[in-house]
Structures are given as C-alpha cells and as structure tokens.
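Student: Quick one: structure below, then a few questions.
Since every read-out is calculated from the coordinates, none of them should be taken as a lab result. Nothing here was measured: the structure is a model prediction, and the numbers come from that model. Positions of Cβ are backbone-derived with ideal geometry, glycine not excepted, and every protein chain shown enters the neighbour counts.
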C-alpha cells in the first residue's frame, strides 16, 4: 500500500525548507484564473443540478459539483494559509463565501488547522491523558498500544468512533457541522460566534432551495454535493496521516521538519482526481511549506530530490481498507497497527512498504 522513504536526503530541516521557498511565490494571474474558473464551474454545475430535467442528469451534475467543491475547499484552505490571493480584499470575500457555502467558519478552521500543522504526528507521552477528543481538525486522535491497553471501555469506544469509516463518510454532520460549527461555538461562543451565522446561512440556503423547487432541488443542488465534498475531504485528510508507514513521535522526539515528511504521505492520484482535489496529494510538500500555492506543489516536488521518495498512499479499495486498519501506534515496531494486531501482538506483513 505504501512505498518507503528513500535513503537519507542530502538536505534536511531548515535547509530543505529553504530549498522550497522559491515555490511559495504566488503567480497572481494564475491564482485568479484558477479561482475564478473553479468557482464559476462549481456554480454552473450546482445550477445545472438544480434545474436540469430528469434525475439522472441532475445526479451526474450534482456529483461533479461535489468534486469541484473539494477543489474550491483546497483554495479556501490555501487562502487561510496565506498561500493564495494574499492580501486581496476581493479574495477574502470570495474565500469567506466558499467557507460559508462549505460549512467552514474561517476562524475555527484557521485555529484548528494551524494546531494540526504544529502538532501533526505528535503523541502524548506514555502515562499522560488519552487523546480521545481533539480539536485537531484534519487529523484524528492517536493512541499508542500502551494507551489503548489502559484506556477505559468508553474511551476506546469514542476513539474507534472518531476514526470509523462511518464518521468520515458522514463528515458533513460529524466534522463540518459538528466539530467545526457546533463544537467550536459550544467551546467558546464569544470567540466563535461567526459559526452561528454560517449555520443560519446554511439552513437558510436549504430552506430556500426547498421552497424554490422542492426536496429534489435542495438535494441535488446543495445537500448531496456538500455531503460528497465533506466525505471526500475528510477521507483525504485521514488517509494522508493514518497509514501503516506513518511515523509518530513523542514530544521529545518531535520536530517540525521530520514530522512534515514522516507523518504525511504523497497521495498518488490520476490527473483528473488531482485536478478535483487541488493537488492535495502532495501533502508532504504542503506540510513542509504551507505557503506554497496548491498549483506549485508538483513543481516543488519535481525540483527537490529530497521530496521525491515519500510514503505513497493511493485511492484504491485495498488501500482504503488498509488505511482504516492503521489504528494504533506501536513504538516497538515503529508502525501503525490494527486493533486486531494489538490483541494478538502480531503485525501483518502488509505493514511493510509495497509499490
């Protein structure tokens, strides 16, 4: 399922980061063209799904609209990192509009996602609290075998629930509406009050579509595309940090540069899916330098030999199933293992890198 890392690179740490900095220069005209064309296409597809005759055509356009929503979300994600449309007031309006459409309060996203980048692959020291619940959006709670062994039944249940395929498939409810909106509001209403406005806007759009054209218009023009985009986005974030070959570090071992390359995979996608996903597959490059615009990630990887041999994940059924079997960190084996492996004390051969 995964390809192993190459021999020790000639540059690492700050030197490697410096080597990628030329690619963090935004090409302004290209940024505007890609944002404008993507948002226009998304709106046309959603309008077509709302108005086209016959449910097969509406379903087709709805699914395509959902996939383009994933690309639009990556642009929002890059804007929040300061990698896209930097300093643009119009860009801010457009991207905050995308955040509203996709149930993503900008402040909640920025706070949780920055935490993710600053702590990815870091596990609590043995003996400390078990991280069943986390505000780390884009990643998932992580237990070691020792933590799992001393966890209570309820802690194990919550941990498994947070990482379960059903939770990820229902990310519209669990991650976006649940954690990013309701969760952030309940945790700090004064700070995250914009989430209330986004929820009101979201339900307002659903009601408006229902009143304009019935439940089918609401479903095909907004609810189904958003469900698809949320599930796809949640899985991509899950799989790029939860796979057999992922590395996990204690706070003493952790450093930003090793974590960027050791805990994030290169999600190898075909050209069509790479377009829909906004090149998010070059995730190890993004974690090393989040200021690189999505359209320059491939360029950065191709120009930097040290970035060309990451662990690889793929969008295949067997790989998806294998990612969902990477549940617990085994420090003795230096890899992720399944709940079943933890019971039997065995690590299956599939944890070894494969092509």
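Student: For residue 59, put the label point 7 Å out on the Cα→Cβ axis and report which residues of the stretch 165-201 keep their amide N under 20 Å from it.
Tutor: Answer for this model: 170.
Student: Please work out how much length the chain gains when fully extended from residue 316 to residue 86, using 0.36 nm per residue of separation minus the C-alpha to C-alpha distance, in nm with one decimal.
Tutor: Here the answer is 79.2 nm.
Student: Tell me whether the stretch 225-355 comes out rounded, prolate or oblate; compute the Cα gyration tensor, take square roots of the eigenvalues as a ≥ b ≥ c, and use a/c under 1.5 as the rounded threshold.
Tutor: Oblate shape, in that a/c is at least 1.5 and b/c is the bigger or equal ratio.
Student: Length gain on complete extension for the stretch residue 114 to residue 27, per 0.36 nm per residue less the alpha carbon to alpha carbon distance?
Tutor: 28.9 nm
Student: Using the 10 angstrom Cβ neighbour count as an exposure proxy, how do 42, 217 rank, fewest first?
Tutor: Ascending Cβ contact count within 10 Å gives the list 217, 42.
Student: Whole Å is fine, so just give me how far the alpha carbon centre of the stretch 42-80 lies from that of the stretch 213-275.
Tutor: Between the Cα centres of the stretch 42-80 and the stretch 213-275 lies a distance of 18 Å.
Student: Take 258, 341 and order them by how many other Cβ atoms sit within 10 Å, fewest up front.
Tutor: With the sparsest Cβ surroundings first, the list reads 258, 341.
Student: By its C-alpha gyration tensor, with a ≥ b ≥ c as the square roots of the eigenvalues, how is the stretch 1-95 shaped: rounded for a/c under 1.5, else prolate for a/b larger than b/c, else oblate?
Tutor: Here the stretch 1-95 falls in the oblate category.
Student: Counting other beta carbons within 10 Å of each Cβ, put 181, 323 in order, fewest first.
Tutor: 181, 323
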